[in-house]
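Read-outs: derived from the displayed coordinates by stated rules, not from any lab. Here the structure is a predicted model, which means the values were calculated and not measured. Reconstructed Cβ throughout: ideal geometry from the backbone, glycine too, with neighbour counts over all protein chains shown.
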Amino acid sequence: MKRPAARALSRAIVTVRGDVRAAEAGLDEWAIDQAFAEYEAYSEGEQLSIVVDESTVAAGMNPPEQQVQRFRFVWPAGGEVHFCGAPADEAHWHAAYVGEAGQVVTPLAVGELADVKTTWARIRDAVDPHQLPAPAVRLGDDVRRHFKPACGRFLVGVVQEGPTTILLVALARQLAVVLVEGKRRVVLDIKSPLDLRDVLVDRMRSFQRPASARSSRPREVDQAPVSSATRAHYIRIVDGLPTEVAGGPSIPDVVWRCFKGLEHRAKALRSAPALPRPERVDHAADPLVQPERPLRRLKGKKYLHLLLRALFRCSLKGADDLVGLIGAIHSEIERHDPSLVITREALADTLNLLCATGTCLVTRAEGERIWHVHLVGLNDPSSALHRRLLAETPIPFRFPASATTDVLAGDEEAAPAADPT
């Protein structure tokens with residue numbers, strides 16, 4: 001008869017079909033659930049992965065592709081790098097540095113297996129692993145407690161101090177620091193692997209506001225459910241300040257900082273692959289070889305800030321998504337924000353620039369002329385669009401928190417207020 005921990009581990013190793021459905025849903029909570037199941041097995045002494053190396057291959061061992069496997073590589077400067085994941089699912093892998101003592105884990109990369117390999121190849125000979133700061137937690141004192149390697153598919157590391165347990169969990173492309181309180185999990189922080197440093201547990205827990213502390217006149221957006229993972233995104237984007245608490249930044253404030261991050265990324269672009277044109281089909285050519293597309297210079301930076309302000313104001317006024325040819329998009333924006341004066345050509349250039357960033361805000365099918373500007377749900381914490389916007393905002397891009405109405409005083413970093421007309 002299987003022990004409870006073994007049953008929990010078998011539930012964590014789900015089928016590839018289930019993995020694909022969960023990944024498409026884009027829920028960080030799913031990954032945290034898988035990591036928690038792995039932790040239950042880990043706490044009972046179960047091994048979360050099978051080591052695959054030259055000796056196992058020579059012995060003829062061939063573990064199933066659904067089984068979590070661990071590949072170990074020697075870092076030339078000392079220590080090992082562990083790749084963990086299931087070969088049947090290349091979307092969820094992580095690589096971490098484990099020092100000579102094997103008691104401290106330093107995550108290096110999370111995400112697609114190909115991307116994880118690329119990151120390791122890039123830093124292997126260029127970085128001294130002993131100079132990489134290992135993530136740690138502080139439990140109300142100055143003692144830094146490092147994560148011990150767990151080598152799971154989603155569970156990267158564990159800190160256990162008395163009754164307190166903290167997990168280091170691999171999400172899609174980032175890591176979550178999760179406090180375990182019985183069956184309850186509290187997300188304390190979310191960052192990219194090499195951006196994760198010290199996590200102040202007591203301070204981050206204080207941001208989890210009890211219901212009794214809410215205002216007697218809550219904002220309308222508070223009616224939507226907000227997951228702990230989403231709140232962690234808010235905290236990292238507004239530089240460690242809790243949203244909607246005692247004069248702190250509002251949800252629209254966070255969204256506007258995401259817009260500013262998008263503006264920053266768009267301005268950094270110089271060129272993008274040219275759009276494909278219909279060409280005569282060469283039947284003798286290899287269909288698997290895609291012709292190389294030339295680069296085109298990106299324009300549209302002149303009106304970038306003004307267009308983002310207009311779209312943000314549209315979202316505050318509850319506008320529907322803008323869908324159609326460039327003329328229809330131009331008319332709708334003018335109707336919602338008459339203060340924006342822009343030609344159709346300049347609007348097309350600016351939308352092309354935004355689209356080149358890969359943002360979820362502006363999309364267009366390749367080779368098509370129909371634009372789609374996504375506005376519905378931008379300020380709704382329960383919407384998939386809101387969560388995608390948070391996830392795509394890079395961590396190094398920070399702005400000081402300020403009230404939404406500060407824009408009336410000329411604060412360019414504050415969120416623009418909606419035009420009451």
Simple spin-label estimate for Asp321 and Ala88 in nanometres, 7 Å along Cα-Cβ: 3.4 nm
Cα-based shape type of segment 108-189, given that a ≥ b ≥ c are square roots of the gyration tensor eigenvalues and the cut on a/c is 1.5: oblate
Efficiency of FRET from Cβ geometry, Arg173 and Glu345, R₀ 45 Å, rounded to 0.05: 0.80
Nitroxide proxy distance, nm - points 7 Å out along Cα→Cβ at Leu306 and Arg124: 5.1 nm
Given Lys148/Lys191; Lys191/Lys301; Lys260/Lys301; Lys267/Lys299; Lys260/Lys299, the pairs whose alpha carbons are separated by over 21 Å: Lys191/Lys301
Neighbour-count ranking [beta-carbon atoms within 10 angstrom, fewest first] of Asp141, Asp337, Asp195: Asp141, Asp195, Asp337
